[in-house]
Amino acid sequence: MEPEPYHVQTYQRETDDTFSVSLVPASGKKRFKFVPGQFNMIYAFGAGEVPISISGNPARNETCIHTIRSVGPTTRLLEALQPGATVGIRGPFGVPWPVDRARGKDLVLIAGGIGMAPLRPVIYHVLGNRDQYGRVVLLYGARTPKDILFSAELEQWSSTKGFQVEVTVDTADSHWNGNVGVVPKLITHAKFNSLNTVAMICGPEIMMRYSIPELTDIGVTEDRIYISMERSMKCAIGFCGHCQYGGIFVCKDGPVFPYSQVRKFFLRKEF
Ligand SMILES: Cc1cc2nc3c(=O)[nH]c(=O)nc-3n(C[C@H](O)[C@H](O)[C@H](O)COP(=O)(O)OP(=O)(O)OC[C@H]3O[C@@H](n4cnc5c(N)ncnc54)[C@H](O)[C@@H]3O)c2cc1C
Ligand code: FES
């Protein structure tokens, strides 16, 4: 339960409200291991502790990378940190994306907004084990062109053999000549074998809600659709009940679930 001190090694601004930090253990000793989809609890001294997914490459364990959107008191304080600053880390926690189950299959990754960050490690993992996976389709939606995360990497991935990357924005500007509209609409343009595909979805619940029927309509069964649930958390280890729905704890039974398991809790409001 006790946070371990980590130093901010590098700080990179991604968009107006989003930044990435790489963190190293203050002890200088430990290597950081995680699997795609897991998260850390980051403690910003003087503000609080928040769950944040790990957005770096799972095969590179010398630093731990997080991509954070500044939305409230704790994330705003994290945004102000500079290299050399100290934060507390507990983790990694949570059930990861099913990269093992997806071996030998096509992958459809659907991301909205900051939901791109928890899916990036899946792409790194697939690139590092390319012969074990089929086609990879990444469908990503951002509010505006200025809000698109990891643009340089998106470009790189889109020219990788067997990859299809489609980006859409809610609102375009005069320089944008790509897709405009909601992410689920991109599913009809995606080329993959729906009978041998695992889908992983991360983003606003409304986006997930509309993506799921588009996938099931073309034959991706609910047990092959995985979603990452986002709920407020305190302990992150199944003790406090803060993230509990019925018998499910999002922190320890998730955040990644097969849709078939959480369908009944989906879109239920937190109180
Ligand atoms: C498993 C998990 C992984 C996450 N990964 C990331 C990540 O990689 N990058 C990132 O930027 N954020 C991530 N988040 C969300 C992040 O934890 C919240 O944005 C953060 O807790 C906000 O804290 P705050 O004190 O800055 O703002 P708060 O004052 O707590 O919140 C500001 C606003 O955001 C809303 N909000 C806060 N937390 C959540 C939440 N969990 N779900 C929905 N709305 C919320 C509040 O209702 C409020 O409107 C993740 C959340 C979970 C549960
Ligand atoms: S955050 Fe405490 S039980 Fe999940």
Stretched out fully, how many nm does the piece from HIS175 to ASN196 gain, at 0.36 nm a residue minus the Cα gap?
3.8 nm
Of every hundred units of 1.4 Å-probe accessible area on the chain, the number belonging to carbon and sulfur atoms, as a percent, is 52 percent
Using only Cα atoms, what Kirkwood radius does segment 93-217 have, in angstroms?
14.7 Å
Just tell me which lysines come within less than 17 Å, Cα to Cα, of LYS234; anything on the same chain fewer than 8 places away is out.
LYS252
Could the peptides 175-187, 148-160, 112-124 be put in order, highest first, of the mean number of other beta-carbon atoms found within 10 Å of their residues?
112-124, 175-187, 148-160
Regarding segment 71-122, what's the average projected area of the Cα-atom convex hull, expressed in nm²?
5.5 nm²
Nearest-5 percent of antiparallel DSSP beta bridges in the chain?
55 percent
What is the distance in Å between the Cα centres of segment 126-158 and segment 1-60?
22 Å
Check which residues have an amide H placed less than 5 Å from VAL180's amide H, if you skip close sequence neighbours.
VAL169
Provide the three semi-axes, in whole Å and in decreasing order, of the ellipsoid equivalent to segment 33-144 as defined by the square roots of 5 times the Cα gyration tensor eigenvalues.
28, 16, 11
Taking the Cα atoms only, what angle lies between the long axis of helix 205-217 and the longest principal axis of the chain, rounded to 10 degrees?
30 degrees
√(5λ) per eigenvalue of the Cα gyration tensor, the chain, largest first, Å
28, 22, 19
Would you mind listing how long segment 1-89 runs along its three principal axes, going by Cα atoms, in whole Å with the largest first?
30, 25, 22
How far, in degrees from 0 to 90, does helix 116-128 lean away from the longest principal axis of the Cα atoms of the chain, to the nearest 10?
70 degrees
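The values are calculated or read from the model by the stated rules, or taken from the named source; none is laboratory data. No experiment lies behind these values; they were computed from the predicted model shown. So basically every Cβ, Gly included, is an ideal-geometry build from the backbone, and we count neighbours across all protein chains shown. All accessible areas refer to the heavy atoms of the entire protein, side chains included, with ligands and DNA or RNA removed. Shrake-Rupley method; radii C 1.70, N 1.55, O 1.52, S 1.80 Å.
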